[in-house]
Amino acid sequence: MNARPAAAIGVALATFLAVAALLTELLAARIAFSAIVGLPIGLLAGAAAGIATWTRLWALPRARPPLLGVAAFGYAVLVSAAVSYAVPPARGFVGVDTAVPFAAGCAVVAFLLGRRYADRIG
């Protein structure tokens, strides 16, 4: 199985979400529209992480399980946001306080599966 594209896109997504959210929150007290600064910088950081994963990091077999874990985190946060948006009754249950632990659990499972089946990931 070639998980390289899924890992590169997932790492880019996770990096974008982390950098954009962190930078937006850090600048919120000083800049009124901090998302105007946080989102483009998060996009650049995500693109750089995705390109680095695709071109360099995937070539290292020991780096593949952590990359898959980070990618699973990004996908899980995206799915949580989509469920919160698309399913109105779930909005009371799905938030940052539940999405991040869910995503962390998905990341740990993906890491362990990637380490267990390292010979199948190419």
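Judged by the mean number of other Cβ atoms found within 10 Å, the most tightly packed of the peptides 64-73, 38-47 leads the ranking 64-73, 38-47. Sorted largest first by accessible area at a 1.4 angstrom probe radius, with every protein chain in place, the residues Arg30, Arg91, Arg115 fall in the order Arg30, Arg115, Arg91. Over the residues of the chain, the helix contribution to mean residue ellipticity at 222 nm works out to -25500 deg cm²/dmol, using -39500 (n - 2.57) for each DSSP H run of at least 4. Considering only Ala76, Ala110, Asn2, the residue lying farthest towards the positive end of the dipole of the chain is Asn2, judged by Cα position with unit charges set on Cβ. If Lys and Arg each add +1 and Asp and Glu each add -1, what is the summed charge of the other residues whose beta carbon sits under 14 Å from the beta carbon of Gly69? Local charge sum for Gly69: +4. If you roll a 1.4 angstrom probe over the protein chains with everything in place, what fraction of the accessible area of the chain belongs to carbon and sulfur, to the nearest %? Carbon plus sulfur share of accessible area: 74 percent. Phi-derived couplings, Karplus 6.51 cos²θ - 1.76 cosθ + 1.60 at θ = phi - 60°, listed residue by residue for segment 42-56: x, 5, 5, 5, x, 5, 5, 5, x, 5, 5, 5, 5, 8, 10 Hz, with x used for Gly and Pro. Shape summary: the chain maps onto an equivalent ellipsoid whose semi-axes, from the alpha-carbon gyration tensor, are 27, 19, 10 Å in decreasing order.
The values are calculated or read from the model by the stated rules, or taken from the named source; none is laboratory data. What you are looking at is a predicted structure, and each value in this text was computed from that prediction instead of being measured. Glycine gets a Cβ as well: all are built from the backbone with ideal geometry, and neighbour counts include every protein chain shown. To get the accessible areas, we keep the full protein, side chains included, count just its heavy atoms, and leave off ligands, DNA and RNA. Shrake-Rupley method; radii C 1.70, N 1.55, O 1.52, S 1.80 Å.
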